[in-house]
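Colleague: So that we are looking at the same thing, I have put the structure below in structure tokens.
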There are 2 protein chains.
Amino acid sequence: MRAATLTTKDKILQAAAEIAMEVGPVHLSLDAVARRAGLSKGGLLYTFPTKAKLLEALVEHHVAEFDESLRMQEARRNHKVNSVVQACIEVYRAEFVLNEPEPSGILAAIANDPSFIDPIRRYNKQLLDRMKENSEDPTMALIAFLTIEGLRSLKLLDMDTLTHEDQIAAIDGLRQLFAPCDPDKPSQPAGG
Amino acid sequence: MRAATLTTKDKILQAAAEIAMEVGPVHLSLDAVARRAGLSKGGLLYTFPTKAKLLEALVEHHVAEFDESLRMQEARRNHKVNSVVQACIEVYRAEFVLNEPEPSGILAAIANDPSFIDPIRRYNKQLLDRMKENSEDPTMALIAFLTIEGLRSLKLLDMDTLTHEDQIAAIDGLRQLFAPCDPDKPSQPAGG
DNA sequence: TTGACTTTACCGTCCGGACGGTACAGTAAA
DNA sequence: TTTACTGTACCGTCCGGACGGTAAAGTCAA
């Protein structure tokens, strides 16, 4: 039970994601994961008894991390108008700045079994509902959601379509569209 | 040399994409593709000598189809401002209405070898450049590109996050943002 | 129009290797 | 003594791909 350093589980998850990104999810083998994570195959199978459990953990881990970040961002905004959209933008921005190489583990999971995406499906549906409810313009909330989804998919697929500057511009553009006090949209007082 | 009916190649490509979506790209086997396409494995390997060639064709086919649709839409717009963005929106809208199950073949390709995405990478980079050049507001072009990319990624991953109505709303929202004569944006005459 | 040959478009079988998973004996720290 | 592994050996299955064969369609000289 390591506390401060990286858990064995985390090391395995990270290794799996890295390998998937490098050689493609199809060629993600338990042998390779064990090797990169610095343990034996026996040790890997001790931690994750099947490959499916590993992939499941990969997805769960991803959703849990996002949700945690989102809740932290939302907590600062007390359910004000557009706060969910704004929080999403900031979470993406943060994970973009940190530039974690994790998400492609999800591709590996989906590639093995499309139903592994179900938790993300459910999560995103709820998130979108909350974004729409909390927004002054549901259609713009949709566009914001899709823009972020676009950014994340480019990362997921390791696409360098947008330069670093483009990405910053896109995020800043979104931020302005959903800024707390927007002079173009006098539908709400938007105090604070 | 079949003329009117579906080519053997097309049948194979379609079969491969379908299987990939159903069982996951990892479990996309040549046997299964051959079976679904209605020929033997030998016949399949006659048409595509290796699995890699099949996957490559899957990606190429996808890019080519998109490019053809895009050029047709662009041709109607004579390089007017925002015409590239508008054309993109219409192409997405058309393929959304038709609802082709094809794109997940791309996932299969990437899952086998991430470098198979390179043609798409290159294509999208050029496309984005053209969108920015042709747009009055490069940042809004970025957001449009990403929104469409978001829609496509949801389809790629077979996510039903957006309802049919949501998707229509999103497309119509985009359309309005980049409409030929937009009263909120008096930067160009935008005749026609 | 017929026979000889070529090309196209497959079929069916087989093989080597990779991979997921099992089994089990050992070990070092807590 | 339990926890958390290491390391090795192995099994069964699946899969990509090579290969030999073949039936039908097309080509072309006589």
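Colleague: Looking only at the stretch B:35-46, filter to residues that are more than 6 Å from DNA strand C (Cβ to nearest atom) and open to solvent by 30 Å² or more (accessible area, probe 1.4 Å); which one of those is nearest to B:A16 (Cα to Cα)? So that I can check it myself, show each step before the final result.
Modeller: Start the filter on the stretch B:35-46 by keeping residues that are more than 6 Å from DNA strand C (Cβ to nearest atom), which leaves B:35-38, B:44-45.
After this cut, where a residue has to be open to solvent by 30 Å² or more (accessible area, probe 1.4 Å) as well, the list is B:35-36, B:38, B:45.
Working: B:R35: 10, B:R36: 8, B:G38: 12, B:L45: 13 Å.
Selected residue: B:R36.
Colleague: Mind checking which residues of the stretch B:128-144 are open to solvent by 10 Å² or more (accessible area, probe 1.4 Å) and either within 20 Å of A:Q167 (Cβ to Cβ) or within 9 Å of chain A (Cβ to nearest Cβ) (or both)? Please lay out each step first, then the result.
Modeller: Pass one, the stretch B:128-144, residues open to solvent by 10 Å² or more (accessible area, probe 1.4 Å): B:129-130, B:132-140.
Matches in the stretch B:128-144: B:D129, B:R130, B:K132, B:E133, B:S135, B:D137, B:P138, B:T139, B:M140.
Colleague: Has the stretch B:15-23 got at least one residue that is within 11 Å of DNA strand C (Cβ to nearest atom) and in a helix (DSSP H, G or I)? Lay out the reasoning, then the answer.
Modeller: Quick first cut of the stretch B:15-23, residues within 11 Å of DNA strand C (Cβ to nearest atom) only: none.
No, the stretch B:15-23 contains no residue that is within 11 Å of DNA strand C (Cβ to nearest atom) and in a helix (DSSP H, G or I).
Table: residues versus (1) over 30 Å from B:E136 (Cβ atoms); (2) in contact with a Gly (Cβ under 8 Å, 6 or more places away or on another chain).
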| site | (1), (2) |
| --- | --- |
| B:L6 | yes, no |
| B:L13 | yes, yes |
| B:H27 | yes, no |
| B:V33 | yes, no |
| B:T47 | yes, no |
| B:C88 | no, no |
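Colleague: Also: Of B:H62, B:H27, which residue is within 14 Å of another protein chain (Cβ to nearest Cβ), within 10 Å of DNA strand D (Cβ to nearest atom), free of Cβ contacts under 8 Å to residues at least 60 places away in the same chain and open to solvent by 30 Å² or more (accessible area, probe 1.4 Å)? First the steps, then the outcome.
Modeller: Working: B:H62 fails: within 10 Å of DNA strand D (Cβ to nearest atom).
When all the criteria are applied, what remains is B:H27.
Colleague: Can you spot a residue in the stretch A:71-92 that is at pLDDT 90 or above, within 14 Å of chain B (Cβ to nearest Cβ) and within 16 Å of DNA strand C (Cβ to nearest atom)?
Modeller: Within the stretch A:71-92 (the criterion being at pLDDT 90 or above, within 14 Å of chain B (Cβ to nearest Cβ) and within 16 Å of DNA strand C (Cβ to nearest atom)), the answer is no, since none of the residues qualifies.
Colleague: Taking A:P119 as the residue in question, decide whether it is modelled with pLDDT under 95, open to solvent by 10 Å² or more (accessible area, probe 1.4 Å) and closer than 25 Å to A:G24 by Cβ.
Modeller: On the way: modelled with pLDDT under 95: no; open to solvent by 10 Å² or more (accessible area, probe 1.4 Å): yes; closer than 25 Å to A:G24 by Cβ: yes.
Considered against the rule, which asks whether it is modelled with pLDDT under 95, open to solvent by 10 Å² or more (accessible area, probe 1.4 Å) and closer than 25 Å to A:G24 by Cβ, A:P119 comes out as no.
Colleague: Another one. For A:A52, which of the numbered conditions (1) over 24 Å from the mean Cα position of the chain (by Cα); (2) near DNA strand C (Cβ under 10 Å from one of its atoms); (3) hydrophobic (A, V, I, L, M, F, W, C); (4) surrounded by fewer than 19 Cβ atoms within 10 Å (Cβ to Cβ) fails to hold?
Modeller: Going through the list (1) over 24 Å from the mean Cα position of the chain (by Cα); (2) near DNA strand C (Cβ under 10 Å from one of its atoms); (3) hydrophobic (A, V, I, L, M, F, W, C); (4) surrounded by fewer than 19 Cβ atoms within 10 Å (Cβ to Cβ), A:A52 breaks only (1).
Colleague: Something else: Hey, can you tell me all the residues within the stretch A:32-56 that are near DNA strand D (Cβ under 9 Å from one of its atoms) and either within 14 Å of another protein chain (Cβ to nearest Cβ) or in a helix (DSSP H, G or I) (or both)?
Modeller: Looking only at the stretch A:32-56, we keep the residues that are near DNA strand D (Cβ under 9 Å from one of its atoms), and these are A:34, A:37-47.
Within the stretch A:32-56, A:A34, A:A37, A:K41, A:G42, A:G43, A:L44, A:L45, A:Y46, A:T47 meet the criteria.
Colleague: Right, another one. For the stretch B:148-174, which positions are on the phi < 0 side of the Ramachandran plot and among the charged types (D, E, K, R)? Steps first, answer last, please.
Modeller: At the first step, the residues of the stretch B:148-174 found to be on the phi < 0 side of the Ramachandran plot are B:148-157, B:159-174.
Across the stretch B:148-174, the qualifying residues are B:E149, B:R152, B:K155, B:D160, B:E165, B:D166, B:D172.
Colleague: Limited to the stretch B:14-24, what total is found for residues that are within 13 Å of DNA strand D (Cβ to nearest atom) and open to solvent by 50 Å² or more (accessible area, probe 1.4 Å)?
Modeller: Here the count works out to 2.
Colleague: Identify, please: which residue in the stretch B:160-173 is open to solvent by 20 Å² or more (accessible area, probe 1.4 Å) and among the hydrophobic types (A, V, I, L, M, F, W, C) and is, among those, nearest to the other protein chains (Cβ to nearest Cβ)?
Modeller: B:A169
Colleague: Next question. Being of a type in the set (D, E, K, R), assigned to a loop (DSSP other than H, G, I, E, B), out of contact with any Ser or Thr (no Cβ under 6 Å at 6 or more places or on another chain) and over 25 Å from B:A109 (Cβ atoms) is the filter here; which residues of the stretch A:94-153 pass it?
Modeller: Of the stretch A:94-153, the ones of a type in the set (D, E, K, R) are A:95, A:100, A:102, A:113, A:118, A:121-122, A:125, A:129-130, A:132-133, A:136-137, A:149, A:152.
Narrowing the set further to residues that are assigned to a loop (DSSP other than H, G, I, E, B) leaves A:100, A:102, A:113, A:136-137.
Next cut, out of contact with any Ser or Thr (no Cβ under 6 Å at 6 or more places or on another chain) only: A:100, A:102, A:113, A:137.
If the condition is that a residue be of a type in the set (D, E, K, R), assigned to a loop (DSSP other than H, G, I, E, B), out of contact with any Ser or Thr (no Cβ under 6 Å at 6 or more places or on another chain) and over 25 Å from B:A109 (Cβ atoms), then A:D137 is the only one that fits.
The values are calculated or read from the model by the stated rules, or taken from the named source; none is laboratory data. Nothing here was measured: the structure is a model prediction, and the numbers come from that model. Neighbour counts run over all protein chains shown; Cβ positions are idealised from the backbone, glycine included. Ligands, DNA and RNA are excluded from the accessible area calculation, which covers all protein heavy atoms including side chains. Shrake-Rupley method; radii C 1.70, N 1.55, O 1.52, S 1.80 Å.
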